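Trainee: One structure follows; several queries about it will come next.
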C-alpha cells in the first residue's frame with residue numbers, strides 16, 4: 001500500500017486527499033490555509049432531523065454577528081416545522097373565514113419559533129468576514145417534547161372544563177363561558193389536531209369540542225328580551241330608559257352586553273352588564289332635532305367575555321367571529337305638538353295674512369313637528385309658539401320709502417314657562433311706497449326664520 005501511494009502522481013494524490021477531506025465534512029481553500037466546512041455551502045440531508053443553518057456577514061453585523069447567525073439559524077430550523085391542520089379537527093370544522101384560519105396557523109407557527117427546545121449546536125464556523133451556525137433537532141425528540149407539552153396543556157384545559165360545568169350547574173352562565181374559553185385557550189396550539197381525552201372515570205371524549213360546545217351553546221341559548229317598543233315624548237325631553245333582561249334557563253347575572261342606536265346624524269354605542277337580577281338598564285338620549293324613528297340593538301358582548309384569553313391568543317379572531325342573537329327594538333319619538341299664534345302688524349295695524357306665522361308653521365312641519373290648530377284637553381303637552389311683530393317707518397328720500405320690522409318670537413311650554421325667546425330687530429325694507437317697504441321687511445324676516453333661526457327653536461324642543 002505504501003509503495004502504491006508513493007507511485008501515485010502528485011495530482012492523483014492531491015485528488016484523493018481532497019476526497020478524504022470532503023468525506024470528513026471539510027474542504028481546503030484554494031490557498032490551502034483555510035479549512036471550510038462543507039455544510040456552509042452544501043445543506044446536509046437527514047430525514048431524522050430538522051436542520052437550521054445560517055450565515056451572516058461581519059461587515060453587516062460588526063458587533064454581534066455570532067448572535068445574529070444563531071438567531072437566524074434557529075428561525076430557519078423553526079420554519080421546517082410545519083403546522084398541519086387535520087381535516088377532522090375543531091379548527092377545520094368551524095365555520096370560520098380563511099383569514100381567521102390563516103391567522104390561527106400563523107400564531108401557532110410563531111409560538112413554535114419562540115418555544116423551541118431540544119435542539120443541539122452541531123457546528124459553528126467563523127473566518128475574518130463571515131460567521132456560520134448549524135443547529136439540528138431530532139424529529140423523534142421534538143415529537144416527545146410536543147406530546148409532553150400537549151399532555152400538560154390538556155390537563156389544564158380539563159380543569160377549566162370541570163370548573164365551567166360546575167359554574168353552569170350553578171346558573172353562573174357568564175363565568176361558565178369564560179371558563180370554557182380559558183380551557184380552549186390553554187390547548188389552543190392543538191386545535192388543528194384531534195384531541196381525545198380520558199377523564200378520571202375512564203370516559204374518552206373530545207375535550208376541545210366539549211369546550212367549544214360549552215361556549216357556543218352558552219351564547220346561543222341566551223335570550224335578550226324587553227318590552228316590544230320604546231316610545232319617547234317631548235314631555236320627557238326625548239330621554240328614556242329601557243330595561244332588558246337576559247335568560248338562559250333562568251335569569252343570567254353578570255352578562256356583558258353591548259348596544260347601539262341612531263340619534264339621527266350619529267350613532268350612540270355603549271356597554272353594560274346585567275345585575276344580580278339578570279336585568280340591565282340602557283339610557284336613551286341626545287336625539288337630533290326632527291328625529292322621529294330609530295332602532296335599539298342589544299347583544300351579548302362576546303369580545304368582553306374573551307378578555308380572559310391570554311395576550312396574542314390565536315383564539316381571539318375565532319371568538320370575535322362568534323355572534324349572539326341580538327334584540328332589536330323600534331324607537332318611536334312622538335313629534336312635538338306646537339300651536340303657532342301671532343299678532344302681526346304693519347305700522348301699528350293688525351294684518352290678516354300672518355306672513356311670519358305661516359312661515360313658522362311650514363318650517364316646523366318640514367322638521368317633523370305636528371302643528372295643532374287649537375288647544376285641546378286631549379293634548380296637554382302642546383307647546384306654544386307666539387309671534388309679535390310690527391313695522392315702523394324709517395323715512396323716505398329720492399322716491400323710496402324705508403320700513404323697519406321688529407319681532408319677538410317666544411317658545412312657551414304647556415305650563416306657561418318660557419323655553420326660548422328670539423328677537424328680530426330692525427329688519428330693513430326699501431320700496432317705492434310705505435306698504436311695499438313693510439312687506440319687503442317681512443319677506444326678509446321670513447328668509448331669516450327659514451335659516452338658522454328655526455334650527456335654534458328645534459334644538460330647544462329636543463333639549
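The values are calculated or read from the model by the stated rules, or taken from the named source; none is laboratory data. Please read all numbers here as calculations on a predicted model, not as lab measurements. Ideal geometry is used to build each Cβ from the backbone, glycine not excepted, and the neighbour counts take in all protein chains shown.
Trainee: Among the residues of region 381-394, is any in the same structural domain as residue 362 (by TED's automatic domain parsing), without any contact (Cβ under 8 Å) to a residue 24 or more places away in the chain and under 25 Å from residue 463 (Cβ atoms)?
Mentor: There is no residue in region 381-394 that is in the same structural domain as residue 362 (by TED's automatic domain parsing), without any contact (Cβ under 8 Å) to a residue 24 or more places away in the chain and under 25 Å from residue 463 (Cβ atoms).
Trainee: I would also like to ask the following. Filter region 309-360 down to residues that are modelled with pLDDT of 90 or more and assigned to a helix (DSSP H, G or I), then give me how many there are.
Mentor: Adding up the residues that qualify gives 6.
Trainee: Restricting attention to region 414-434, and to residues there that are surrounded by 14 or more Cβ atoms within 10 Å (Cβ to Cβ) and over 15 Å from residue 388 (Cα atoms), which single residue is modelled with the lowest pLDDT?
Mentor: Checked region 414-434; the qualifying residue modelled with the lowest pLDDT is 414.
Trainee: Criterion first (under 30 Å from residue 270 (Cα atoms) and either in contact with a helix residue (DSSP H, G or I) (Cβ under 7 Å, 6 or more places away or on another chain) or crowded, with 16+ Cβ neighbours inside 10 Å (or both)) does residue 356 satisfy it?
Mentor: So residue 356 does not fit the description; no.
Trainee: Additional query: Would you be able to tell me the number of residues in region 102-157 that are under 27 Å from residue 42 (Cβ atoms) and either at pLDDT 90 or above or out of contact with any helix residue (DSSP H, G or I) (no Cβ under 9 Å at 6 or more places or on another chain) (or both)?
Mentor: 24
Trainee: From the residues in region 361-384 that are assigned to a loop (DSSP other than H, G, I, E, B) and in contact with a helix residue (DSSP H, G or I) (Cβ under 6 Å, 6 or more places away or on another chain), which one is surrounded by the fewest Cβ atoms within 10 Å (Cβ to Cβ)? Reasoning before the result, please.
Mentor: First, pick out the residues of region 361-384 that are assigned to a loop (DSSP other than H, G, I, E, B): 367-369, 372-382.
Those left that are additionally in contact with a helix residue (DSSP H, G or I) (Cβ under 6 Å, 6 or more places away or on another chain): 367, 381.
Numbers: 367: 16, 381: 13.
The residue in question is 381.
Trainee: Go through region 54-74 residue by residue and tally those that are under 19 Å from residue 116 (Cα atoms) and touching a helix residue (DSSP H, G or I) at 6+ places or on another chain (Cβ under 6 Å).
Mentor: Count: 1.
Trainee: Still on this structure, please answer the following. Here are 442, 462: which of them is surrounded by 14 or more Cβ atoms within 10 Å (Cβ to Cβ) and closer than 17 Å to residue 340 by Cβ?
Mentor: 442
Trainee: May I ask you to list pairs of residues, at least six apart or on different chains, whose Cβ atoms are under 6 Å apart, with the first in region 309-327 being within 21 Å of residue 259 (Cα to Cα) and the second being assigned to a loop (DSSP other than H, G, I, E, B) and modelled with pLDDT under 80?
Mentor: Going by the 6 Å Cβ cut-off, the qualifying pairs are 321/96.
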